Structure formats: structure tokens, C-alpha cells
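Let me begin by presenting the structure, written as C-alpha cells, before commenting on it.
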Amino acid sequence: MDACTVSEEHQRPTDPAHPAPEPPASFWRQVVFSTDHKVIGRQFLWLGLVFLAVAGTLAMLIRWQLAHPGAPVPLVGGLLFPASGGVVSPAAYTALFTMHGTIMIFFALTPILIGGFGNFCLPLLIGARDMAFPVLNMLSFWTMFAATAILTASFFTPLGPPAAGWTSYPTLSTAVGAPGVAQTLWVLAIYLNGASSVMGAVNYITTVIRFRAPGMTFFRMPLTVWGLWLASILNALFVPVLAAGAVLLFFDRVFGTRFFIAGSAIKPGGDPVLYQHLFWIFGHPEVYILILPAWGIAGDLLSFFSRKPAYGYKVTVGALIAIVVLSGVVYGHHMFVTGMSPLLGEGFMVLTMLISVPSVILGVGWLGTVWRGSIRLTTPMLFALGLVTVFGLGGFTGLFLADVLADVYLHDTFFVVGHFHLTMSAAVLLGAFAAIYFWFPKMFGRMMNEPLGKLHFALTLVTVIVTFGLQLVLGYAGMQRRLVDPSAYAFLRPLMPLNRVVSQAAFVMGAAQVLFVVNFFYSLRWGPRAPANPWQVGTLEWTVSSPPPHHNFAEIPRVFVGPHELGNPAVKAARGVDFQPQDQEPPA
Amino acid sequence: MIGSDTIRRAAIPPGSPSGGGEAAARATVTVGMTVALAAIAMTFAALLLAYGIVRVQAPTWPPPGELPLPPLWTLRLLATVLAVAGSAAMHVAARAGRTGTAATASAPLALGAAMLTGVAFLAVQVASLRALGAAGVHPDSGLAASVVYALTAFHGLHALVAVMLSLALLMARRPARPGRLLAVVAFWHLVTAVWLIVFGAVFVA
Amino acid sequence: MTFAVALALFPALPRDASAHGHGIDAVLGYLTITTAVAFSLMLLILLAALVLHRGRDRVAHYTHGVRPRDRAAAIVAGAVVLFGIDAVAVVRSASALRSGFWRYPDGDPAAYRVEVTAQQWAWNFRYPGADGVFNTPDDIITLNELRVPAGRPVYLQLTSKDVVHSFYLPNFRTKIDAIPGTVTRLWFQPKETGTFEIACAQHCGAWHYKMRGELTALTEQELVRWQGRAAADAALRYDAADREAHDGWPWMPAP
């Protein structure tokens, strides 16, 4: 099948001479190497959920050690850490936080939100039959799969798993600090993961530009599409910078080049901080890559479940674009204590602080959307509200870290950990749950259980705020990151009870996810069948069956209105319902 | 009340491929290739930025304590000539492809010629690295050596991919679809352009 | 709720032993209070909406939020954060940084100089000894013990033998990375005597958590007494043949 022209033909309105192609027959082409964006989206979702569970389990082990340093891990300790009698050894601990961070960012959140929902939803939301390059899409999944295989292999190497932190700073990550093949495998896995992301970005960017249905102007796209599209632009531009850093690190490790090996009296060398530049030029846009889809989804869901349009849609889009632009020029705030010149420090401080302005505008948009609405507290809505709340808390703490003076004290403490877990993980994670509960009917043709979903939400939100909010307090009190046993320091011993509270909240958070797992699998099999439009909203994916047919749309729709035409009295009078589907002419 | 301008604006947005056809397919491939090339270019830009940073930070170049690198002008100039020749051949192939859906006789010839120059380029690059090794300059000899080895090798990998893509086009049973041919040509030109920049920034400067 | 958290945070800061700590703590406090207020306001509006505007029986107020007053809301909110929080914090911090963290005592003859070499997993401190020059036979070298005078600027230059470490003084609200192949600098001024902890704040391997040192701020008399004992000890230990132990460097001038 030709990668390009299949989609072109698909986009023609149906006529007898060119009927929409039938799905492929063989198991391999239909299930394994499918080029159907819906199948690929589900593949990414499964991969991401599995690794989310793995990274979450690693987090539980980290929290155990911080709450009870030196105590053997109950039940699984003997299995996982046989050499140290079930206790998390210092070397094991460094591997735990390394792999927790690596997997969460690259192998859980990216595949779920961008690979999973991006793939499944994007063509449907813009009225297309598939992505611009279906074969490339399939390759991007299998590249991600290859990356996960390599990362999994790195767990089982003779000298132990990668342990230089998810940031992998040299010289700890070079042969100096990390002999052994695991770190090299880590670099390869990251490189392949990046390649998969860039392939996806090429597809998403092209698809939005070229395959919007007639009438779907940029300002009629759902905010979800904006979030995914802008994230893809950042992906295309900045993941390659990480790739460059990874390439140089790989060369240092394997071929003995000296980019990041410090010079000495006997052998000239390079600069370890060079890596930090390359890493954070990627790393800061990366956090926006992760949250942009979540922001988009939140904007749409808040409108849908308040039954009124998104407040200030164009201003919101402007704010998202402003953040995208700014995200490229603020990376130095991760490096304030590397001996940066005051001029650079002040520059990065001011630029970073500026991001608070479009962020506040996003918040005004969200609040304005729910205000005076007719709010329905469905599970997706609850998660969207939770996302907004948690991001608000996390976002404000970013101001502390943007400020050089405060950051000199707070850098590399648990304040940073609390900040990024609140913003990035909790908000993105809550966003992922919102997306799953919202699009589950469309993806799998069944409804998830509402009461169980609401309970899952309540437990997750409370434990997220307690766990990561208290980490802000721990950091404020000066506790550094990545400590196997904080009680080694006298000034941290009084904080051990607080560490235990954080761990207890984290354990409850972990346990609460069982509710989600049960709900997910039960509903897959026995959930009530989903109608085409269970949430009664107007975006294009809800105009087709649940799940959609192979070719998505029998006829490419024509779009007449924006995605948030809810609560319009004229519509209510003419159609009897309070929403206007995008593909139908509005009342005069 | 929804304004009439909403209905007025329900025209087909520019670039929509709902008309189908060759031109639309080509436009889609053009957009995709532009993004892909931008991404690949960013990798090389980052590598060159890294080179720029270490070079600016070093008091001398090569840095103190490192032996100067043999310039290997013959090999480097030969590589540059081959790269430019390859791009020229690909340009001919692209022109042939653009004139119609069926490839004319000159397209496979031009592709073949480009491929050969590409292979020759790779051979020259390998030879230049071996010459460095013979002169006692290895990847771990220092920062300047690291830059030369890393950039040569990483660029060479992309040149290899370009050669393989051309081979795939040549070996395809059907004549190359214009979109695909143009995509490979664009990638080839990027590889050449990167070499010219590397040549200027690393070997001449 | 957030106010309680903010108030509770203040006692959580470690004891401030630095002459400049009050400036830093003031900025931390300002950010805490302003962001707590802003977040509480946001939460209040959100909860009010959920309480007041919930339910199927309500008719949603149809608006796209594009009227002038809607735009004004966004502008006002942005301006309040930009000028009320960001600008104030930036101005106060820049001023504190320029008169503190960034104002290295390069020309100050009273500055007490020490060279720090970090390694996996300990801190080596080199004092210049009586001749005031580093890497000479009279240098005093200690492991994990930094002895400084209270009431005078303490000026450190740092490097690392292996991986990146970070020299962190919680009681002085300051830290700086120690990077192999580079010399970084840090200065602070203890305002009281006492013993304080030195921590490593950059992941440097499995035993990163054990990389603890002790900073003792002494009176001038106590310092002189200690230096006398330590110099005698150093003279006994000095081994001209041990090239690796002579890892000091000529004090770097200001860049």
C-alpha cells in the first residue's frame, strides 16, 4: 500500500468508482502492522499504560525506601533485591529513580497522550480518514517498541540498570561514572524514542495542515488538536537537539571521544556542562510537549461539560502559541548553579517569568468557561477540573524556580520534585485519565463505570495534592533530591516523619489506580454499549459510530461551526438540544 | 445568534486535498518533507552548536595540549566535490521526475550517477578517518579530533541513508512517484548542505 | 488552607547563618505569600462555580468570552501576576544577587580563601597556609571539614576530580556545582559561630547521600589556634613525591 496516495484517495467523497477501501484481511496487517491510525493509537495506549504501571511501581519502591530507609521491602523485596536481603541498596535506589523518571516521561506519558490519543483522535477531530503518512505512523510505533525493548534489556545487564538519573549528566553518565553497557543501552533507547516522536510529529503537523475537512479552519479546530499540533511542532524542533546530545554521549562512551570528558593535566578534554546545554534546550520544551495536549483536552472538556463555549478561544490559542515560542528561550533556568554569568542568569530569569503571563491567561480561560455554565460533574470533567487545579498549584511554584535567588537555594531539592510532579506528571496524568474516560466510548465502543471513575478521581486528586504538595514543603526545608537515606544529614532527620506521610499518600495513590485498572478491563468486556454521541457534544468524532468504521467517515464532512457551539439559545430552539454538531448547518 | 460570516467562512480551506490527485499528494509530501528535513537539520544544528561552544571556550584551537590535526585537503576537497556532484545529479533526476508521472530515461541514469557519487563520497570519508588514524589521531586524542570523528561519522550515516534511499528508488518496479523522488532529492540536498557547512566550519575555519 | 501551608513553611527553613540570608528568605516569603493568594483566589472562583453553577436544570450562559470586558479580565489577571509577583520578585532578587551572590570579594584582603575539590564521595578542602599561596608545602588539607571565620567573607573556588557534584550549604541558602575540568566559585559570610552541614546536591553516584561535610565557623582566635595545630600537622604529612596530593591550583583571578 502506498504511504501517500491511499490517504489522498480516502479523502475524496465516496463515489462508486472509488469506494472506501476495506480493512486488510491478514492478522499481521490488521492487528500487528496496521497502518490504521485507530489501531496504532490503541497500540501506543497499551504500551504506555503498561509502562505507566512499571514506572509507578518503581515509584512505590522509592517511596518505601524514603519512608523506611534500610528496611526490607515487604513481599517483593527478596525477589527484586536479593543481593541486599530485600533492602533497596544505594546502587539500586539510583537505578530506581533513573528508570522511574525515564520511563514516565519517555515511555508512559508520551506514548499515552501523544502516541495514543494523538493518533486515535487527530484525524477524527479534523474530519480526515487517516494520518497523512500511515506507513510512517506504523513505523513510529514499532520504533517506539524497539526503544522499549532496548530499555527493558538495560535492566538486566551485568553491572546493573542505568543509574545516572533521567537527565544522564556527564561525567556520571560517561565511562567515568557509569561503566557497563546499561547506560549505552539507555542512550540508544532514548535515541530511538526520539526518532519515533519525530516521525509522529511529521505526521501530525502535516495532517493538520493538509487534511482538515472543508470548512475546518484553524480556529474551528478543537483545542485538543491545537495542543497536539503545537506539541508536535516542539517535538520536531527540539527532540533532535536531545538526539544530538545522545549521539555525542554515545560517541564518548563507545568510541572514546572527549566531548563531555573533563580535561586533565595529562589529557585534554571537553566540557560536561555542554551536555546540560544540549539536554535542556530539549528538556524545557519537552515539559511543554507533555502538557500541551493536556491543556488542549482540558479546554475542550471544560466547555463540553459546562455546556457553553470555551471562554476566549482565540486568546487561549494565542497564549498556547506564546508559551510555545517562549519555551525555546528559557532553558537556562535549569543551570543557574553551574557558574552561569549574571547577565545570562538575569536574562533567563526574566524570560522564564514571562511564561507566567500566558499561563495566567490560560487559567482565566478555564475559569471563564466554567463560570455561569451548566456544569455536569462527569468523570472526564472531574479529571479536567483536577488538572486545572493541580496545574495551578504546580505552575505557581515554577515562579520560585525561575527566580535565580530562590533557585540557588531550591535547586536540586524536593521543591523541584514537587513542582514538576505537580505540573508535569499530575496535570498530564490527570489529563491522560480525563482523555481515557472521555474517549473510551469512542475507542472501544463501551462506557466506563461512572461511580468507580468518580471514586478513582477523588482518591487520585487528594493523594496527588498531598504527595507532591508535601514534597514542596520538604524542599523548602532544604532536603536534596536523589538521597538514598536523608537521615544521613542531621538537618534532615526531623523531616523523616513528613517523608513517611508523603509515602503513605503515595501508596494510597498507587492503590487507587487499581480502581482504574478494574474499571478499564471490566468495561472493555462488559461495559454498556456506547452510543455514537454519549456526551452530546459537537466535535466530529462523535458524528460517527463508537468505535468508528475503518474509514472513519462515509463521506468527508463539511464543517460549519466551531467545536464549542454549546448553550446557544437559537440552537436549542431549532434543534431541541443544546449543542450544534460541527458538520451541520447552524440555524439561520 | 450565529453570524452569517460563520457560514461565509465555510469555504474550502487552502491546501485541502479533498480534490485528490497528484498535485495534492505532492503538496502533502512537500509539507511532510519540510518538517522532516527541519528536524534533521536541527540535529546537525545542535551538533554544530556544540562544536561552536567548545571552540569558543577553548583558548586556542586545537585546545592547548592537543596536537594539530592533519588537514587532509585532497580527501576533504574530493569529498566536497563528490557531494556537490551528487546533488547536481539528483537535481537532474528531480527535473526529470517533475515533468510527468512516468520517469523519463534520464531519471534512472541520474539517480544511478548520484548513487555512485554517494558511494564514492562514503569511501573518501572512510579513507579520511583511516588517514587520521594512521597519523596517530584517534577519537580520544582530544576535543578537536572528537569533533572531526563525530561529525564525519554522523554525517556519513545520513549520507549512507541517502544512498540507500536512492537505491530503493532505483530498484522499485514502478517508476518513482514524483512525491517520493522529490523527498529523496530534498534529503540528499540537505546532506550535501550539511557537509558544506561542516567543511567550512570544521576544516576551513 | 494554602495560607496555613504558607505560614507553616516559614519555620521549615533551616537556621539562617548567613549575613545575606535575610534577603533570600524575604524573597522566598514574598513568593510564598503572593502565589498562595493567587492560587487561593483561583481555587475560590473554581469552587464557587462548581457550587453555584452546577446541574442539568441550569441554563448555561452562552458567551464566547470575546467581549471587551472578557479581554479586560485576561489583561488584568496577566498584569497583576506580571507586575505584582514577577516584576517585584525579579527586582528584589536581582538587587540581592548583585549585592550578594554575584558580588565576589575578589579585591577584598579580608576574604578567607579555600579551594574545594569534590570527589566521589567526599569534600577535600585546601587552605593556603601561612604563605597565602595555594599548592605550596604549607597548605593545610582537610577531609570533609571546612573551618572558616565568622564575620568575614569566605571565598571558595571549587572543582571536582571525577563527576559533577554540588556544594550546598542549607544554612547559608547557597550552592554551586563542582565540575570536573572547570573551576567554579562561591562566597558567603557567616554571621555567627557554629557548626553547619555541607551537603552534596547533585547526583554523583550510589553514595551521593553520604557526601556530607561539616562547616565550622569560628572566632578569629579559635581560627588562629586551629591553623597553628593544622599547619604543624600539615608539615609532618607533606610528601614532595606525592604528585597526586598536590591537586591545588593557583587562585583564579576574577574573569
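The values are calculated or read from the model by the stated rules, or taken from the named source; none is laboratory data. Bear in mind that the values here come from a model prediction, so they are computed numbers and not experimental data. Glycine gets a Cβ as well: all are built from the backbone with ideal geometry, and neighbour counts include every protein chain shown. Note: accessible area is taken over every heavy atom of the protein model, side chains too, but ligands, DNA and RNA are not part of it. Shrake-Rupley method; radii C 1.70, N 1.55, O 1.52, S 1.80 Å.
Past 27 Å, Cα to Cα, is the threshold; run C:K161/C:K191; A:K454/A:K572; A:K314/A:K454; A:K267/C:K175; C:K175/C:K210; A:K314/A:K572 against it and keep the listed order.
Among C:K161/C:K191; A:K454/A:K572; A:K314/A:K454; A:K267/C:K175; C:K175/C:K210; A:K314/A:K572, the Cα-Cα distance tops 27 Å for C:K161/C:K191; A:K454/A:K572; A:K314/A:K454; A:K267/C:K175.
With every protein chain in place, what's the accessible area of A:D407 (1.4 Å probe, Å², nearest 10)?
0 Å²
Mind checking C:27-33 for the average number of partner chain beta-carbons within 10 Å of each residue's beta-carbon?
Per residue, the number of nearby Cβ atoms from other chains is 4 on average.
Show me C:137-148, B:107-118, C:42-53, A:194-205 ranked by packing, highest mean number of other Cβ atoms within 10 Å first.
In decreasing order of mean packing, C:137-148, B:107-118, C:42-53, A:194-205 become A:194-205, B:107-118, C:137-148, C:42-53.
What is the mean number of Cβ atoms from other protein chains located within 10 Å of the Cβ atom of each residue in peptide A:362-371, rounded to a whole number?
Mean inter-chain Cβ contacts per residue within 10 Å come to 6.
Let me know the Kirkwood hydrodynamic radius for the protein assembly as shown, please, with Cα pairs as the basis and the value in Å to one decimal.
30.8 Å
Residues of region A:468-514 losing 30 Å² or more of accessible area relative to the isolated chain, 1.4 Å probe, heavy atoms only?
A:V473, A:Y476, A:A477, A:Q480, A:R482, A:A488, A:Y489, A:F491
If you bin every alpha carbon distance in chain C into 5 Å steps from zero, what whole percent lands in each bin?
Cα pair-distance distribution for chain C, in percent: 1, 5, 10, 13, 14, 13, 10, 7, 6, 5, 5, 4, 3, 2, 1, 1, 1, 0.
Mean Kyte-Doolittle hydropathy of 1.6 or higher plus an axial Cα length of 20 Å or more: which whole DSSP H helices in chain A meet both?
Result, helices passing both filters: A:223-255, A:313-327, A:379-402.
Farthest toward the dipole's positive end in chain C, which of C:V154, C:Q221, C:Y127, given Cβ charges of +1 (Lys, Arg) and -1 (Asp, Glu) about the Cα centre?
Value computed over the given set: C:V154.
Given a 1.4 angstrom probe, what's the average accessible area per residue across the protein assembly as shown, in square angstrom?
For the protein assembly as shown, the solvent-accessible area averages 37 Å² per residue.
Need one number: nm distance between label points at A:L75 and A:W526, each 7 Å from Cα along Cα→Cβ, rounded to one decimal.
Once both label points are built, they end up 2.3 nm from each other.
Tell me the label-point distance for the pair B:A123, A:S84, using the 7 Å Cα-to-Cβ offset, in nm and rounded to one decimal.
Modelled inter-label distance: 5.6 nm.
R0 = 22 Å: FRET efficiency of C:A130 with C:E214, Cβ-based, nearest 0.05?
Between C:A130 and C:E214 the formula returns 0.40.
I want the local charge near C:I33. Using Cβ-Cβ distances under 15 Å, sum +1 for each Lys or Arg and -1 for each Asp or Glu among the other residues.
Summing Lys/Arg as +1 and Asp/Glu as -1 gives -2.
Using a 1.4 Å probe and ignoring any ligands, DNA or RNA, find the accessible area of C:E214 and quote it in Å² to the nearest 10.
Near enough 70 Å² of accessible area.
Pop a pseudo-label 7 angstrom from the Cα along the beta-carbon direction at both C:Y238 and C:H61 and give the gap in nm to one decimal.
Result for the modelled spin labels: 8.2 nm.
Provide the packing ranking of A:464-471, A:69-76, C:173-180, A:440-447, i.e. peptides ordered by the mean count of other C-beta atoms within 10 Å per residue, highest first.
The most tightly packed comes first, giving C:173-180, A:464-471, A:440-447, A:69-76.
What percent do you get for the relative contact order of chain A when only Cα pairs under 8 Å and 6+ apart count?
In percent, rounded to a whole number, it is 16.
What share of the DSSP beta bridges in region C:112-241 is antiparallel, in percent to the nearest 5?
Beta bridges within region C:112-241, antiparallel portion: roughly 65 percent.
Ignoring ligands, DNA and RNA, how much accessible area is buried between chains B and A, both sides summed, with a 1.4 Å probe, to the nearest 100 Å²?
Counting protein atoms only, the buried area is about 4300 Å².
Can you list the lysines whose alpha carbon is less than 19 Å from that of A:K442, not counting same-chain residues fewer than 8 positions off?
Hits, sequence-local ones excluded: A:K38.
For A:P534, what is the net charge nearby, where nearby means another residue's Cβ is under 14 Å from its Cβ and Lys, Arg count +1, Asp, Glu -1?
Result for the local shell: +2.
Once you average over the residues of A:332-341, how many Cβ atoms of partner chains fall within 10 Å of each Cβ?
That average works out to 4.
Mind checking which of A:M335, A:A53, A:A477 is farthest towards the positive end of the protein assembly as shown's charge dipole, using Cβ charges of +1 (Lys, Arg) and -1 (Asp, Glu) about the Cα centre?
So the residue furthest toward the plus end is A:A53.
Rounded to the nearest angstrom and ordered from largest down, what semi-axes does the equivalent ellipsoid of chain A get from its C-alpha gyration tensor (root of 5λ)?
In descending order, the three semi-axes are 40, 27, 24 Å.
Starting from the Cα of C:Q221, move 7 Å in the Cα-to-Cβ direction to define the label point; list residues of region C:13-48 whose amide nitrogen is under 12 Å from there.
none
If you count the DSSP beta bridges with both ends in the protein assembly as shown, what percent of them are antiparallel, to the nearest 5?
Of all bridge pairs located within the protein assembly as shown, approximately 65 percent are antiparallel.
Roughly how many percent of the accessible protein surface of region C:112-241 is carbon and sulfur, given a 1.4 Å probe and a whole-percent answer?
51 percent
If packing is taken as the mean number of other Cβ atoms within 10 Å per residue, what is the order of A:423-435, C:69-81, highest first?
A:423-435, C:69-81
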